[in-house]
Each structure stands twice: as structure tokens, then as C-alpha cells.
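I have placed the structure first, in the form of C-alpha cells, so that the comments after it can refer back to it.
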Amino acid sequence: MIKIHYILKKEFLLIGRDIHAVAVLFIMPAFFILIMSLAMRDLFELHSSVNIEVLAVNRDTGKSSGAFLKAMEKLRTFRFHLIDKDTVTERIKEQMLSRDYKFALIVKENFSSFVENKGKGKDEKPLELLVNPTVNVQTQLLLKSALDERVAKLRWDAFIDLIGRLPFFTGIDKGKLKSAENSPVLVNYVYKGGQRFKIPSAVQQSVPAWLVFSMFFIVLPLSNTFISERGQGTFMRLKSMNVSKFSLIMGKMVPYLLINAIQVIIMIAIGVYVVPLCGGATLTLGNSLGGLILISASVSFSAISVALLIAASARTTEQASTIGGIMNIIFGAIGGIMVPKFVMPGFMQDLANISPMSWGLEGFLDILLRNGSVFDVIPESLSLFIFGVVMLTMTVIILRRQKEV
């Protein structure tokens, strides 16, 4: 125990001398959490303040076109900017590009005739949508579906008004025949544990994602101290004092387990207190402190084990930083850290299962988002623990082959 005590004291002194590398572990995820939580807020939140800016030209003189544009603006997803009805199409395109509008809507002269199903314009398309080619297909479909739905509602209501009092004589309420404003679809989310229901938000994706990512970046300070000690002959002197490799590895793991624990506390605090001050949603913590501790410890153990393997394998700190950085970026890219898994194609979601960052992220989401318990994170925690044991075993094998350790 005395040897372990002095080894730990040595490690904390070395960490204190490399405070800049340790600071990166806190500063980097903090900025990522703030930036990504705010940047992706409107992507995740159903009741967000996002507006799709649309340039609009109303060439129709009837009442239906005005009612149509007002109905579209009530959706709050779209903000229409009306310009002169005599503006030619080429001029509209120029304004789209110069003022960076993604869409332009032209309400043609036959719009009211089309809605009321009369006149020669009833068979012609009454709307023309100009689209900036940089807009993704999903956003285009969102606007087009909204336009189709509103036009269909106007046409149905016009038909009910056309048949006049006929529904009254049949005992049917004409008001009920008109299209409902609200969607008849009730949306609920499915959670483990089941009592409290939370709408997913950007902060619930960003905090666990970038926390897991930063925990794996423990390779930077750990490799700096490990390789520096090896170069100075510290390991040889410890070996001559009959210090076992187990003690050396435990001496490396314990301080960084503590650093990772501090990371978890600070990043969760940022999600709970700082992100809301900047206009984002508040991170919800779930109901299982034990589950949160278990998945945090599992991710930390796995990350430190990988860092030890890289540090033992590399000959210089530059090599360790390069290998560790590339590996973390690859794990993060395929593991749902940089891009949420639910927006990935199917084969990419399957590929994500090979990344330990994905296991850690899913474990955190089970607790923070899905109201999971300790039992719900056991599969991810066990996978991370086994992965860490494999990495440590490989580290010990490499150390035994190295004469200077």
C-alpha cells in the first residue's frame, strides 16, 4: 500500500506539471456542448422558433390567396416576405440569390379559380416554388407538404361552402365537415422505466456525446507523462525497487479515473445550468444516479485502457497524440458523436455498434433521456469493461516485451 501511495503521489505531481493538457479535457467539451446544443436546438426541438424564410409573390387578386398566405404564416415554421406582384421571375431569382433566400413562392393569377374549382384556371398548377439548390431534400419536402396540405384544405372548405345548406338538411354540421386546423396525430416518446416523459433536445444529445468524446481524449495527458517517464528511466528505477506492473498501471488509472469523474460532473452542470442561460434547453438527468455512475465509470475505464495501450505502443508523444487523435475522431464519427445515429443511413447505424464511444453514448442516453435504471446500462457497461480489459491485457503484453519498463 505504501508503494501505491507514493506512485499515486508521483502521478498527481506529473499531472500538475502538465496542466495545459488536462485543461483541454475540460475546455474542449465545454465549448462543444455549448456550441452544438445551441446550433442543433431547432433540429431537435418540436416547439422551436426556427423559421424558414420564403420570398413570396402574390399575383392572384382573389380572397383565397390572401387567406392561403395567412394560413401558412400561422404554422410559425415559415416567414413569408411579400414583394411586388409584378416582379418578373428572373428578378425573383436574383433577389433569392442576393438576399440568400432558400425558397421563393409564386402565387399565380389562377389561384382563387383553382381553389374554387371554376374558370379556365382550375386545371393549371396555381403555385410555383423556386428552390435554392443548396437546400436539403428534407426541408424541400417539409415546405412542399405544407403547401399541398393548405391548398387541399382551402379547396375542401370552398367545396363545403359551395354546396351551401345541403348538409343542414341532412343533419350534418357543416363546421365539422371543414378540415381541422390541428393534426389528429398524437405523438409520444417511448422511454425505459416509463413514468416521466421528456421531449428529446439538442442538449441531451450534445452533453453525453461530447462528454464521451472528451473522456477518450485522456490519451493526451496520459501519454505525455507515460512516455516522459519511460524516456527518463523512471520505470527502470521503479522496477529495480520491485514495483509490479500492476501497481504501475493502477498508479496511472486512479488519477485519470478521478479526472474523468470531474469531467462528468462539470459537463452535466454545464448542460443543466449554463446552456439554458444561453437560450438552450435544460439537460434532464433521469432517475438513476447509480446507472449514471456505472456508465460513467465504464466509459472512463475503457478510455483509460485505450490510452494506456497507445502510450505503451508509441515511442514519442507526437506518435501517441497522432494515433490517439485519429482513433478518437474515427470512433466519434462512426459512433454517433459528431452526427446523431438516428440521422445516419441503416448501414452506418450498424457500423456504429463497433465503436466503444457508441456504447458509452447509448448508456448515457438510457439514463439521461430514456429514464433507464442501473439494469438498463449493464449491457453497455459490460461491453465497455470487457473492451477495457482486452486493452489492458495488450498493454501488459507490450510492457513485458519492452526492456525499459
**Study point:** GLU124 versus LYS70: modelled label distance in nm, points set 7 Å from Cα along the beta carbon direction
**Key:** 2.6 nm
Revision key, fill the gap. The residues SER65, SER296, sorted from fewest to most surrounding Cβ atoms within 10 Å, come out as SER65, SER296
**Study point:** Net lengthening on full extension, VAL272/MET348 (0.36 nm per residue, minus Cα-Cα)
**Key:** 24.3 nm
Point to revise | Fewest-first ranking of SER98, SER300, using other Cβ atoms within 10 Å as the exposure measure | key: SER98, SER300
Study note, to complete from the structure: Between ILE329 and PHE375, the two model label points (7 Å from Cα along the beta-carbon direction) sit apart by a distance in nm of 4.3 nm
Study note, to complete from the structure: From fewest to most C-beta neighbours within 10 Å, the residues PHE80, PHE32 line up as PHE80, PHE32
Review point. Given labels modelled 7 Å from the Cα in the Cβ direction, how far is it in nm from THR89 to ARG401?
Key: 6.9 nm
Review point. How much net charge surrounds PHE213 when only the other residues with a Cβ under 15 Å from the Cβ of PHE213 are counted, with Lys and Arg +1 and Asp and Glu -1?
Key: 0
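Bear in mind that the values in this text are calculations on the coordinates, not laboratory data. All figures in this text were calculated on a predicted structure; none of them were measured in a lab. Every residue, glycine among them, receives a Cβ derived from its backbone with ideal geometry; neighbour counts consider all protein chains shown.
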